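Notes follow once the structure below has been shown.
The values are calculated or read from the model by the stated rules, or taken from the named source; none is laboratory data. Fair warning: this is a prediction, and the values are worked out from it, not measured in the lab. Heads up, the Cβs are rebuilt from the backbone with ideal geometry, glycines too, and the neighbour counts pull from every protein chain shown.
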Amino acid sequence: MGVTRIEILPDAESLAHHAAGTFAATAAAAVDARGRFLAVLSGGGTPQRLYELLAAEPFSRRVPWASTHLFWSDERCVPIDAPGSNFGQVRDTLLRHVPLPAANVHRIRGELAPDAAAAAYARELADAAPHGRAWPRLDLVLLGMGADGHTASLFPGGAALAERMAPALAVTADYDGRPARRVTLTLPVLEDGRLVLFLVSGDGKAAMVAHIFGAPAATESVPAARVRPRAGALRWLLDEEAAAALPASLPRGVALARPGQP
Ligand code: 6PG
């Protein structure tokens, strides 16, 4: 793995703008290079503003929607129209407003029983993969992080963190009153991403961000810290609040930037 880049933006709004610009630029470069753009989206509150920005000018015009394919990092096992549905969130904020072909939506079917949804998602991933592979290399893997260090639906102490074969698993985890039955992508799929982009905002995440970048050797049990792209890039986009407790000296292999500032 190469250098990990931490990019600090002043606030949640500029974080979302920076992420939208990164999404559009990554999409255009992927379509130029390989003819299609495969993106993984996440749930939670943090990416909501990003999805709204992508749905409107100028970002909506910059994304090659016809060649864009959307996958999800995880899903809560609830009906599509339930407030906790990650697909429902993206449908309402983004998909209603952009010309993404219906066939390019590779959602996790949260309305099924968790194991059936994981198996169906594994088939969906295999269908998008080169012959003989279980999943495609994803151009952009957009991830959030919980205050406990979980990412996607990979939770601290959960058995799914150790999975190296299955691309998707059913898990159960209570977090913040959100639906507990979930389906998640596993580490090998996330690590195969060409660009893994964490979006983290708010002071509630500052202690975990500081832990991850303060003592990397002690973070084997922190799912977000375990996502280390094998041949891709890793960027953490933070707002000032989430970055507030970062150590003054960062570990070797971690570079810090403040985009937009001289
Ligand atoms: C989901 C997720 C999850 C999320 C974090 C952060 O629950 O669907 O994909 O991993 O990214 O829980 O959520 P917030 O952005 O709401 O803090």
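Numerical summary
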quantity: Some residue of region 22-37 being hydroxyl-bearing (S, T, Y), within 12 Å of the ligand (Cβ to nearest atom) and either under 15 Å from the mean Cα position of the chain (by Cα) or at pLDDT below 95 (or both); calculated: no
quantity: Subset of region 19-54 (residues that are out of contact with any Phe, Trp or Tyr (no Cβ under 9 Å at 6 or more places or on another chain), closer than 17 Å to L234 by Cα and crowded, with 19+ Cβ neighbours inside 10 Å); calculated: A19, T22
quantity: Residue within region 81-96 that is surrounded by 17 or more Cβ atoms within 10 Å (Cβ to Cβ) and more than 16 Å from the ligand (Cβ to nearest atom) present; calculated: yes
quantity: Test result for G132, among the small types (G, A, S) and either within 13 Å of the ligand (Cβ to nearest atom) or free of Cβ contacts under 8 Å to residues at least 40 places away in the same chain (or both); calculated: yes
quantity: Odd one out for A30, checked against (1) free of Cβ contacts under 8 Å to residues at least 40 places away in the same chain; (2) touching an Asp or Glu at 6+ places or on another chain (Cβ under 7 Å); calculated: (1)
quantity: Residue match in region 113-135 (condition: at pLDDT 95 or above, touching a His at 6+ places or on another chain (Cβ under 7 Å) and either buried (at least 21 other Cβ atoms within 10 Å of the Cβ) or on the phi < 0 side of the Ramachandran plot (or both)); calculated: yes
quantity: Selection from region 144-199 of residues that are among the basic types (K, R) and either near the ligand (Cβ under 8 Å from one of its atoms) or under 14 Å from the mean Cα position of the chain (by Cα) (or both); calculated: R178, R182, R194
